[in-house]
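Asker: Mind looking over this structure? Questions follow.
The values are calculated or read from the model by the stated rules, or taken from the named source; none is laboratory data. Remember, predicted model here, so these are calculated numbers, not experimental data. With ideal geometry, Cβ positions are generated from the backbone for all residues, glycine too; neighbour counts draw on all protein chains shown. The protein model used for the area step is the full one, side chains on, heavy atoms only, and it has no ligands, DNA or RNA in it. Shrake-Rupley method; radii C 1.70, N 1.55, O 1.52, S 1.80 Å.
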Amino acid sequence: MTLVPLRLGFVPLTDAAPCIVAHELGFAAEEGLSLELLRLTSWAQSRDQLGAGTIDAAHMLVPLPIAQRLGLGPALPDFDLLMVLSQIGQAVAVSRALAEAMRAAGHPFDFADPRAAGAALHAACGGRLRVGVPFPFSTQAELVWHWLTATGFDPAEVTVRTVPPPMMAGAMAGGEVDAFCVGEPWASVAVETGVGALLLPGRAIWAGAPEKGLVMRRDRAEGDPDSTGRLMRAIWRAGRWLDHPENRGTAAEILSRPDYLNLPSEITERGLIGRLVVSPAGEMRQTSPFISFHDGAATFPWKSQAALFAERIAWRHGLDPRAAMTAAMATFRTDLYRHHLRPAGADLPGASSKVEGAMAHPHAVASEAGRMILHPDAFFDGRTFEPPSEPR
């Protein structure tokens, strides 16, 4: 069988695993695809290469195609998010100096209480904080703003800086940021190199935060539905394989190779199994799941999540929230998800939107097959978000 070539861009992060595993373990070949994985250095490069058509699809921050749709990036063809690649998987780190001050004041770095962690951080830094995030339009940026403003920080005294994920630890070592929020393994690298300590997992702030998505240009996704569907099915099967706990060690070995993360597999494995070393002294914290790739409808592109991100972005950029939410919801292609993944056996939720933040525990909802269990999606402060109705 002649394989169809397809170029897929990724930024070196643990949450690129579905793309890498689809290639390395043959899920793409089973769908008749020959994936060429291109390692990129930043999210701006990923956006620009996708827009220029030098890559066919991208592992991309979930809010990035929304920002493009809202006109907050360069003029490029429309992007669509076809499926979510990963849920949660981020960590908040603070500098060694801040960690020492927080410990001296009695904070235990126990991963348990975002309110207490925020209060301790505020006291240690005096309210003025420089925070690194991987991109202005990222789940990490939304987590940071939500958490800090809900725990007493004045937004006027918080400076958020963009730092590519592999450079986060270096930025902290160089004194450019006091704290950061980033996907693994780059938070663990800060601990391993002795420049910082892990304060919180992302799931402690928003338990169901979507992190990365599979993004294509709309003209590419609709113009070649056959290869689009093949790619989605290959990655969906890779995510299902990744969510078997017994496969996480093998995944760490694959991801750690020089072509991907180029790190010791022991560091990569921490974020995959949720057993994190939080300080240079070797303290460990277990959080499970730290990252999800499949279970609990983790890959479904909920339109309510698109609306939630859009409302926040619109508020910060002076846009009309209602119009922004409507535009964003059209970017999350539940229609393509249902069309292309139903033949693979994916259980599909009965609705395409839900009230975000309402589930503190696993929750059963209607699905095409009967019932499915969704993972918790609660915010630490009890916030909920009800999306607008979709226009008919």
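Asker: What are the residues whose amide H is under 5 Å from the amide H of residue 161, where those residues sit 5 or more places off or on another chain and H is modelled from the backbone?
Answerer: 131, 132, 133
Asker: Over segment 62-209, calculate the relative contact order: mean separation of alpha carbon pairs under 8 Å at least 6 apart, over the residue count, as a percent. Before the final figure, lay out the partial values.
Answerer: On the way: 241 pairs, mean separation 53.5, N = 148.
After rounding, I find 36 percent.
Asker: What is the magnitude of the charge dipole of the chain about its Cα centre, with +1 placed on the Cβ of each Lys and Arg, -1 on the Cβ of each Asp and Glu, and no other charges, expressed in debye to the nearest 20?
Answerer: In debye, rounded to 20, the chain gives about 380.
Asker: Moving on to the next point. Which whole-Hz ³J(HN,Hα) couplings does segment 31-48 yield from phi under the Karplus relation 6.51 cos²θ - 1.76 cosθ + 1.60, θ = phi - 60°, glycine and proline marked x?
Answerer: 8, x, 10, 10, 7, 10, 8, 10, 7, 10, 9, 7, 6, 5, 5, 4, 4, 5
Asker: Next up: For residue 369 paired with residue 29, estimate the spin-label separation in nm (one decimal), with each label point 7 Å from Cα along the Cα-to-Cβ line.
Answerer: 2.8
Asker: Further question on the same structure: Among residues other than residue 298 whose Cβ falls under 13 Å from its Cβ, what is the net charge (Lys/Arg +1, Asp/Glu -1)?
Answerer: Taking every other residue near residue 298 into account, the sum is -3.
Asker: Another question, then. Taking θ as phi - 60°, what are the ³J(HN,Hα) couplings along segment 260-274 by the Karplus curve (6.51, -1.76, 1.60), each to the nearest whole Hz, with x for Gly and Pro?
Answerer: 10, 8, 6, 9, x, 5, 4, 6, 4, 5, 4, x, 6, 9, x
Asker: Sequence gap at least 6, Cα distance under 8 Å: using those rules, report the relative contact order of the chain to the nearest whole percent. Intermediate results must be reported in sequence, preceding the final value.
Answerer: Numbers: 838 pairs, mean separation 84.1, N = 392.
Worked out over the chain, it gives 21 percent.
Asker: With the contact rule set at Cα under 8 Å and sequence spacing of 6 or more, what percent relative contact order holds for segment 151-276?
Answerer: Details: 70 pairs, mean separation 23.9, N = 126.
After rounding, I find 19 percent.
Asker: Could I ask something else about it? Quick one: which residues, 5 or more positions from residue 208 or on another chain, have an amide H under 5 Å from its amide H? H modelled 1.01 Å from N in the peptide plane, none for Pro or chain starts.
Answerer: Correct list: 378.
Asker: Ignoring any ligand, DNA or RNA, what whole percent of the accessible area of the chain comes from carbon and sulfur when the probe is 1.4 angstrom? Each step should come with its number before you reach the end.
Answerer: Numbers: 7310 of 14290 Å².
C and S atoms contribute 51 percent here.
Asker: OK, next. How much area per residue is accessible in the chain when the probe is 1.4 Å and only protein heavy atoms are counted (Å²)?
Answerer: Working: 14290 Å² over 392 residues.
Result: 36 Å² per residue.
Asker: Right, another one. Run lengths n ≥ 4 of DSSP H only: what is the helix-derived mean residue ellipticity at 222 nm for the chain, with -39500 (n - 2.57) per run over all residues, to the nearest 500?
Answerer: Numbers: 16 runs with 150 residues, N = 392.
Calculated from helices alone, the mean residue ellipticity at 222 nm is -11000 deg cm²/dmol.
Asker: Sort out for me the Cα centre separation of segment 46-119 from segment 245-305, rounded to whole Å.
Answerer: Using only Cα atoms to place each centre, the spacing works out to 15 Å.
Asker: Using modelled backbone amide H atoms (1.01 Å from N, in-plane), which distant-in-sequence or interchain residues come within less than 5 Å of residue 89's amide H?
Answerer: 202, 203
Asker: Counting pairs of Cα atoms in segment 259-337, how many percent are more than 20 Å apart?
Answerer: Taking all Cα-Cα pairs of segment 259-337, the fraction more than 20 Å apart is 58 percent.
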